[in-house]
Amino acid sequence: MKIQQLRYIVEIVNQNLNVTEAANTLFTSQPGISKQVRLLEDELGLEIFERNGKHIKALTPAGKKIVAIARELLVKTQSIKAVANEYTQPNHGVLRIATTNTQARYMLPSVVERFSKQYPDVSLHIHQGSPTQIYDALLSGEVDFAITTEAQYLFDDVVLLPCYMWNRSVIVKPDHPLAQCENLTIEELGKYPLVTYTFGFTGVSDLDYAFNSAGILPNIVFTATDADVIKTYVRLGLGVGIMASMAHTEADSDLLAIDASHLFRASMTQIAFKHSIFLRNYMYDFINYFSPHLTRPLVEKAERLHDNNAVKKLFDNVTLSVR
């Protein structure tokens with residue numbers, strides 16, 4: 001059994017069982033991958049993939065377990081290399097982060113700027129996606145950190161650290177009737193078509209909770225994954241925007257932001273990483289730059305815990321900042 005064979009079967013799964021795409025991603029040939037997968041199956045005495053002729057159609061029950069273990073082994077091999085690099089090239093490396101557009105656009109720039117000045121020889125890669133895509137990228141080992149604000153139930157099997165709380169604003173044009181509203185209510189907001197985040201992104205579940213509690217069915221006419229897109233359609237008059245307050249900046253002087261923290265529950269941004277990863281010094285520093293209360297000793301304590309309920313207790317006496 002070879003590490004490369006494990007890398008092949010994992011990448012086939014990552015590429016939705018498309019061997020050709022897996023070969024392209026790994027810069028090798030499709031026949032070469034197919035041959036190595038067959039050799040691995042012969043060695044194990046079972047099939048990892050179900051096939052329809054020459055085409056792979058699914059993982060076998062045993063294959064699902066094998067791929068899960070293979071993912072962990074590949075992370076371990078990366079960790080071994082990371083340990084070596086920490087001693088031979090402590091300020092060189094790569095940091096890969098998956099997050100949403102709002103976090104990448106409005107919260108990370110100042111952190112990235114500080115980090116890049118401190119570690120100019122660390123290559124930083126930001127991947128943007130939905131909560132499910134962010135989780136999949138973390139689980140597959142494509143990224144080191146996931147910064148998430150929604151679907152946190154997905155992250156039960158990784159270390160999940162609380163970073164900060166944030167609220168929402170209602171976004172309208174200055175001539176909209178709500179611009180004159182002194183005390184915005186959920187009932188008043190429910191009278192208008194809404195433009196907000198795609199389901200599964202931060203805000204939607206809390207929107208549902210707020211409107212359902214008031215017995216109101218919200219009229220959501222447009223959804224997007226990008227706060228800038230939401231603002232664009234508010235400008236076009238399609239509806240009233242509801243988005244993260246952090247996404248309304250000085251550049252949006254043509255739009256009015258109405259505080260909605262009294263209407264919707266505050267959301268928590270968290271940073272996640274796998275238990276099996278070896279955190280390099282610059283990774284601890286990035287976490288601390290992003291959220292100053294996450295000091296290295298505290299993160300190391302969280303690493304030693306394998307239950308996120310226990311991790312939460314570490315922060316019982318920590319008051320998270322609101323952004």
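Numbers at a glance
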read-out	value
Out of K57, K64, sole residue that is assigned to a strand (DSSP E or B) and farther than 29 Å from M283 by Cβ	K57
Which numbered condition L236 misses (of (1) modelled with pLDDT of 95 or more; (2) under 23 Å from S110 (Cβ atoms); (3) out of contact with any strand residue (DSSP E or B) (no Cβ under 8 Å at 6 or more places or on another chain))	(2)
Test result for I287, open to solvent by less than 10 Å² (accessible area, probe 1.4 Å) and farther than 20 Å from N85 by Cβ	no
A82 being more than 30 Å from N167 (Cα to Cα), in contact with a Phe, Trp or Tyr (Cβ under 9 Å, 6 or more places away or on another chain) and open to solvent by 20 Å² or more (accessible area, probe 1.4 Å)	no
Test: residue in region 168-185 that is modelled with pLDDT of 85 or more, buried (at least 22 other Cβ atoms within 10 Å of the Cβ) and not in a strand (DSSP E or B)	no
When residues of region 245-270 are limited to those that are assigned to a loop (DSSP other than H, G, I, E, B) and either under 14 Å from A227 (Cβ atoms) or small (G, A, S) (or both), the one most open to solvent (accessible area, probe 1.4 Å)	S253
Single condition L73 does not satisfy, out of (1) touching a Leu at 6+ places or on another chain (Cβ under 7 Å); (2) open to solvent by less than 30 Å² (accessible area, probe 1.4 Å)	(2)
Residue within region 300-315 that is touching a residue at least 60 places away in the same chain (Cβ under 8 Å), more than 18 Å from T149 (Cα to Cα) and assigned to a helix (DSSP H, G or I) present	yes
Among residues of region 97-125, those that are among the small types (G, A, S), in a helix (DSSP H, G or I) and under 19 Å from the mean Cα position of the chain (by Cα), counted	2
Those residues of region 271-284 which are surrounded by 15 or more Cβ atoms within 10 Å (Cβ to Cβ) and part of a loop (DSSP other than H, G, I, E, B), in sequence order	K274, S276, I277, F278, L279, R280
Residue satisfying condition, being in contact with a strand residue (DSSP E or B) (Cβ under 8 Å, 6 or more places away or on another chain), surrounded by fewer than 18 Cβ atoms within 10 Å (Cβ to Cβ) and without any contact (Cβ under 8 Å) to a residue 40 or more places away in the chain, within set R38, R51	R51
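The values are calculated or read from the model by the stated rules, or taken from the named source; none is laboratory data. Quick caveat, the model's predicted, so the values are computed rather than measured. Every residue, glycine among them, receives a Cβ derived from its backbone with ideal geometry; neighbour counts consider all protein chains shown. These area figures cover heavy atoms from the full protein model, side chains too; ligands, DNA and RNA do not enter into them. Shrake-Rupley method; radii C 1.70, N 1.55, O 1.52, S 1.80 Å.
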